[in-house]
Amino acid sequence: MKELVHHRDLDIRGYDLGDHFILVEGRLIDHRYRKRVGETFELPKLVHDMTIRLRIKGPDMLIVEAEAVMREHPHEECTVVLPWIRRLEGMHITSGFTLKVKEIIGDANGCSHLSSLVMTMGPCAVQGYWAAYGTDATDRQVQEAVIKKMVNMCFIWRPEGDIIRRLRENVSS
């Protein structure tokens, strides 16, 4: 037997704001498909609906603005942590980003749902910046900065891999 009891949607979008700024918007939505004892509501139950917006300056991937909104949350106290998202301002999206986010806004320092969303948004921000500014082969400084952000994101982006080698050949030619 397989019965759906929970569903999470993550939607992350990147926007070019011009002048090497991007906006990354992430939304997390949770639905529950089973009632607890004594609950009365229509299923599915919307449990979480939260959005985070990060304004990022490239090519060094600096978070210059961070804001969060909770349209739906299970407990009144949940919204207390919303201003804490601003603790990410001044942080760079680089190696170790996930651990830093967890330290700054995870566990008892914030909200596990918001921190999970931000951790997922990090690689999307790098990809969004790459999509917006990494395609200009004439801007060598941006190209190399973007390449450095991509290194070690996964197996194919390892420093000694073919993709990094080919990109660096294009930067130097």
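Quick notes on this one:
- Within segment 46-70, the set of residues being touching a strand residue (DSSP E or B) at 6+ places or on another chain (Cβ under 7 Å) and modelled with pLDDT under 95 comprises Gly58, Asp60, Met61.
- Condition check for Thr120: assigned to a helix (DSSP H, G or I) and under 25 Å from Asp16 (Cβ atoms): yes
- Count of segment 24-57 residues which are among the aliphatic types (A, V, I, L, M) and open to solvent by 40 Å² or more (accessible area, probe 1.4 Å): 3
- Taken as a whole, the condition of being modelled with pLDDT under 95, surrounded by fewer than 16 Cβ atoms within 10 Å (Cβ to Cβ) and in contact with a Phe, Trp or Tyr (Cβ under 8 Å, 6 or more places away or on another chain) does not apply to Leu4.
- Complete set of residues in segment 14-53 that are among the charged types (D, E, K, R) and assigned to a loop (DSSP other than H, G, I, E, B): Asp19, Arg34, Lys35, Arg36, Glu39, Glu42
- Single condition Asp11 does not satisfy, out of (1) free of Cβ contacts under 8 Å to residues at least 60 places away in the same chain; (2) surrounded by 14 or more Cβ atoms within 10 Å (Cβ to Cβ); (3) under 12 Å from the mean Cα position of the chain (by Cα): (2)
The values are calculated or read from the model by the stated rules, or taken from the named source; none is laboratory data. On a predicted model such as this, the values are computed, not experimentally measured, just so you know. Reconstructed Cβ throughout: ideal geometry from the backbone, glycine too, with neighbour counts over all protein chains shown. Keep in mind that these areas ignore ligands, DNA and RNA; they rest on the heavy atoms of the full protein, side chains included. Shrake-Rupley method; radii C 1.70, N 1.55, O 1.52, S 1.80 Å.
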